[in-house]
Amino acid sequence: MRVILPCFAKINLTLRVINRRHDGYHNLVSAFMKINSGDILYISESTAGIDIVNANIALKGENIVAKALRVARSEGFKIPFLNVKIHKSIPPGSGLGAGSGNAAAVLWWLGAERVAPKVGADVAFLCSGKNTALVSGIGDIIEPIHEPPLHGVIAIPNWETNTKTAYEELDSVGYNIDTMLARKEVKDIYHSNAKAGKRLGLLPNDFVKVLIQKHPKYNELFRILDNAGADSWGVTGSGSSVFGLMSRPAIIKWPEYIKHVLYF
């Protein structure tokens, strides 16, 4: 028997990093929105006596699906060895949490959602069943918020962002917002986004200041979204993807360095 699982990803409408914790993780405040990723998992029982996890796109390090299985077993879940084939539509390093969505799909199928925070920062939200949420802590505190009727577009450029490196660069710059102010900011921006025609421009993401230094082309992408009539736009996660929110869908002519475009 083979099980076929669709997967979700996310965009960060806002992303504020509050501080770096003693354990090396970071506290954040962010508005998360779930989107369809196009990634699909094909799962069957492994006859090799080990988990076999592979994808159609080369991935570095331990695959997060393999990590999810390892963590779930360590937490007492009785899981047979599995053969997992991952058909990726979203490339790594795009800031959309598609890999976390792969792990979340497996944990949901296994009924092991409670271990999600130990697998990855975005996995808990993508396991939560919430479409939009105010997420804080290390991604483990999830408060649902009302989903506004938004259309959006996501553009993925031909460069990747390494999340670990991005946080290290942000650590060197420092942080300038506290949790209470960041929570108020999320709620104000989110409710404004829910009002059709309310233009907010660039949404706050603390990684933007370090990303633009590396890739000034972000300024061009923001101008393209502005000219296309987007009500607001920004970077999701630590990059590399940009997104635009708008009252109605729009066809946009993108530069050649944009390799994937998603509409939602």
Which number in (1) in a helix (DSSP H, G or I); (2) touching a helix residue (DSSP H, G or I) at 6+ places or on another chain (Cβ under 6 Å); (3) surrounded by fewer than 24 Cβ atoms within 10 Å (Cβ to Cβ) marks the one condition that residue 103 misses? (3)
If you check 259, 209, 198, which single one turns out to be in contact with a helix residue (DSSP H, G or I) (Cβ under 8 Å, 6 or more places away or on another chain) and either more than 26 Å from residue 20 (Cβ to Cβ) or assigned to a loop (DSSP other than H, G, I, E, B) (or both)? 198
Among the residues of the range 40-95, write down those that are in contact with a strand residue (DSSP E or B) (Cβ under 9 Å, 6 or more places away or on another chain), among the charged types (D, E, K, R) and within 17 Å of residue 109 (Cβ to Cβ). 45, 51, 85
Which of the residues spanning the range 161-212 are of a type in the set (Asp, Glu), in contact (Cβ under 8 Å) with a residue 24 or more places away in the chain and surrounded by fewer than 14 Cβ atoms within 10 Å (Cβ to Cβ)? 171, 178
Does residue 253 count as surrounded by fewer than 13 Cβ atoms within 10 Å (Cβ to Cβ), outside any loop (DSSP other than H, G, I, E, B) and among the charged types (D, E, K, R)? no
Please find, within the range 234-264, the residue that is modelled with the lowest pLDDT out of those that are touching an Asp or Glu at 6+ places or on another chain (Cβ under 7 Å) and within 20 Å of residue 36 (Cβ to Cβ). 246
Members of the range 128-159 found to be of a type in the set (A, V, I, L, M, F, W, C), surrounded by fewer than 17 Cβ atoms within 10 Å (Cβ to Cβ) and in contact with a strand residue (DSSP E or B) (Cβ under 8 Å, 6 or more places away or on another chain), listed by number: 138, 141
Residue by residue through the range 110-127, note down the ones that are in a helix (DSSP H, G or I), touching a strand residue (DSSP E or B) at 6+ places or on another chain (Cβ under 7 Å) and in contact (Cβ under 8 Å) with a residue 40 or more places away in the chain. 125, 126
Being buried (at least 18 other Cβ atoms within 10 Å of the Cβ), in a strand (DSSP E or B), at pLDDT 95 or above and over 16 Å from the mean Cα position of the chain (by Cα) narrows it down to one of 28, 41, so name that one. 41
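The values are calculated or read from the model by the stated rules, or taken from the named source; none is laboratory data. Note that the structure is predicted; figures quoted are calculated from it, not measured. Neighbour counts run over all protein chains shown; Cβ positions are idealised from the backbone, glycine included.
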